[in-house]
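Read the structure below first, then the notes.
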Amino acid sequence: MYLIESEENVGFLTASYVKNRIEAFITTPEKPYFVIALPTGGTSLDLYNHLVKFHKEGLLKFDNVVTFNLDEYIGLPAKHPESYHSFMARNFFDHIKIPQEQVNILNGNASDLEKECRLYEEKIKHYGGIDLFLGGIGQNGHIAFNEPGSSFSSRTRIVNLSEDTIKANSRFFNGDISLVPSRALSMGLGTIMESKEVIIMATGIKKAQALYHAFEDKTNTAWPITILQKHPRVFVLADKPAASEISKTIKQNYGLCSFIK
Ligand code: F6R
């Protein structure tokens with residue numbers, strides 16, 4: 001696990017990395033698409049702004065990219081402004097050219113939710129797995145909607161959102177926790193761990209405790225992010241406030257890597 005502490009450009013750095021990876025990808029008959037897993041949430045907004053900017057400047061194309069979103073609320077109409085379908089359209093997909101069939105977002109209104117999850121896993125496998133996983137981190141250490149206590153071998157499934165997450169996300173629902181769905185569909189930790197590379201973006205002091213656990217704690221299910229210690233290629237991109245609880249020694253040990261050539 002590498003720590004990249006940056007001033008305010010977590011979104012720009014991540015977008016640049018994504019751009020480099022897509023550029024370097026060579027399409028073959030066996031592997032025609034580069035597969036990216038995409039988050040929603042406040043932290044990701046800057047990433048999408050920069051990706052859209054690169055695209056509009058003609059520096060980045062998505063023709064050979066397939067995307068899988070990490071999660072979606074259960075029971076919120078796809079047209080609801082706070083559904084992850086709407087979030088992705090508004091902040092990313094409406095501004096880029098990508099064939100519709102290369103975009104995958106879990107359907108939280110499917111009549112058979114378990115089948116929806118199974119098919120999602122099969123589809124990820126069909127495309128050869130996730131090449132680049134992009135995620136944020138919850139204040140409670142969740143990745144995607146894998147809340148504390150989630151099994152490290154979990155796959156895409158129905159999850160109950162924790163009180164912490166409902167409270168944190170109520171900021172998108174006029175601060176009213178009763179409007180935040182209590183359940184969601186989410187990729188599992190097992191699904192995420194099979195990704196070839198993982199990038200976690202973290203900004204702001206509210207993420208400091210979770211990042212402390214990510215780097216200084218033992219791997220444990222109370223802090224789902226700690227599972228990433230066992231992944232061979234993880235970059236955590238954090239601004240100064242988010243990285244403020246991580247000790248100097250750890251920063252020296254984990255911080256030495258060249259991220260973007
Ligand atoms: C959203 C997701 C979540 C968020 C996390 C951080 O698709 O998977 O894990 O990445 O809750 O959210 P923000 O960025 O809003 O603090």
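No lab work stands behind these numbers, since they all come straight from the coordinates. As the structure is a prediction and not an experimental result, all values here were calculated from the model. Glycine also receives a Cβ, built like all others from the backbone with ideal geometry; neighbour counts cover every protein chain displayed.
Dividing the alpha-carbon Rg of segment 1-112 by 2.2 N^0.38 Å yields what?
Working: Rg = 14.9 Å, N = 112, 2.2 N^0.38 = 13.2 Å.
Ratio of Rg to 2.2 N^0.38 Å for segment 1-112: 1.13.
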**OP:** Using the structure shown, list the pairs from Lys19/Lys230; Lys123/Lys251; Lys53/Lys196; Lys53/Lys207; Lys31/Lys206; Lys53/Lys79 with a Cα-Cα distance above 29 Å, or answer none.
**Re:** Lys123/Lys251; Lys31/Lys206
**OP:** Return the aspartates and glutamates within reach of Lys56: Cα separation strictly under 19 angstrom, same-chain partners fewer than 8 residues apart disregarded; answer none if there are no such residues.
**Re:** Glu23, Asp46, Asp94
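Over the chain, what portion of Cα pair distances is larger than 25 Å, expressed as a whole percent?
Details: 13876 of 33930 pairs.
Result for the distance tail: 41 percent.
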Original post:
For the chain, what does -39500 (n - 2.57) per DSSP helix run (n ≥ 4), summed and divided by total residues, give at 222 nm, in deg cm²/dmol to the nearest 500?
Top reply: -8500 deg cm²/dmol
Original post:
Whose amide H sits under 5 Å from the amide H of Asn220, counting only residues 5 or more places off or on another chain, with H placed in the peptide plane?
Top reply: Thr226, Ile227
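Could you work out the Kirkwood radius for segment 56-194, taking every pair of different alpha carbons, averaging 1/r and inverting it, reported in Å?
On the way: mean 1/r = 0.0632 Å⁻¹.
Evaluated over segment 56-194, this radius sits at 15.8 Å.
Which net charge results for the neighbourhood of His85, defined as the other residues with beta-carbon distances under 14 angstrom from its beta-carbon, given Lys and Arg at +1 and Asp and Glu at -1? Please list the in-between numbers first.
Values: positive: Lys79, Arg90; negative: Asp71, Glu72, Glu82, Asp94, Glu116.
Computed value for this residue: -3.
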Subject >> Packing-based order for 51-61, 192-202, using average beta carbon neighbours within 10 Å, highest first >> reply: 192-202, 51-61
Subject >> Karplus-derived HN-Hα couplings along segment 175-180 (A = 6.51, B = -1.76, C = 1.60, θ = phi - 60°), whole Hz, x at Gly and Pro >> reply: x, 9, 5, 5, 8, 7
Original post:
³J(HN,Hα) across segment 137-144 via Karplus (A = 6.51, B = -1.76, C = 1.60, θ = phi - 60°), whole Hz, x for Gly/Pro?
Top reply: 9, x, 4, 8, x, 6, 10, 6
Original post:
Once phi is turned into ³J(HN,Hα) by the Karplus curve 6.51 cos²θ - 1.76 cosθ + 1.60 with θ = phi - 60°, what whole-Hz value does each residue of segment 54-59 show in order, with x for glycine and proline?
Top reply: 4, 5, 5, 7, x, 8
Subject >> Separation in nanometres of the label points that stand 7 Å from Cα toward Cβ, at His80 and Leu45 >> reply: 2.0
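I need the shape label for segment 121-261. Rule: rounded when a/c is under 1.5, else prolate if a/b > b/c, else oblate, with a, b, c from the alpha carbon gyration tensor.
It comes out oblate by the Cα gyration axes.
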Subject >> Radius 13 Å from Cβ of Met201, net charge of other residues (Lys, Arg +1; Asp, Glu -1) >> reply: -3
Original post:
Looking at the chain, what % of its DSSP beta bridges pair antiparallel, to the nearest 5?
Top reply: 25
